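Written below as structure tokens is the structure these notes are about.
Readers should treat all values here as calculations from the given coordinates under stated rules, not as data from a laboratory. The shown structure was predicted, so the numbers you read here are calculated from the model rather than taken from an experiment. All Cβ positions, even for glycine, are placed from backbone atoms using ideal geometry, and neighbour counts span all protein chains on display.
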Amino acid sequence: MSNRIPVTDAEIAKEHRLRGVRGSASSAITNAAIRICLTNCAELRKKQHHPEPLEPDLKRLAAGDID
């Protein structure tokens, strides 16, 4: 669970709206179980929209194969 992407309350509220969860976004933010679910969904959405930069393959760099 290391390297978790930080998620703001605004992003949780946006995820609440996008997922079509019943109730208000403020109650979803204060409800721990719903907040965890929406936080995970928001983290996944951020990963899909902002993928990690590609790390070079160190074996290929050492061999001089830089394409």
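The relative contact order of segment 9-63, computed from alpha carbon pairs under 8 Å that lie at least 6 residues apart in sequence, is 32 percent. The alpha carbon gyration tensor of segment 9-63 gives principal lengths a ≥ b ≥ c with a/c of 1.5 or higher and a/b greater than b/c, which makes the shape prolate. Placing dummy labels 7 Å off each Cα toward the beta-carbon, the span from Gln48 to Leu61 is 3.1 nm. Each residue, Asn3 and Val21, gets one label point 7 Å from its Cα in the Cβ direction; the gap between the two is 2.6 nm.
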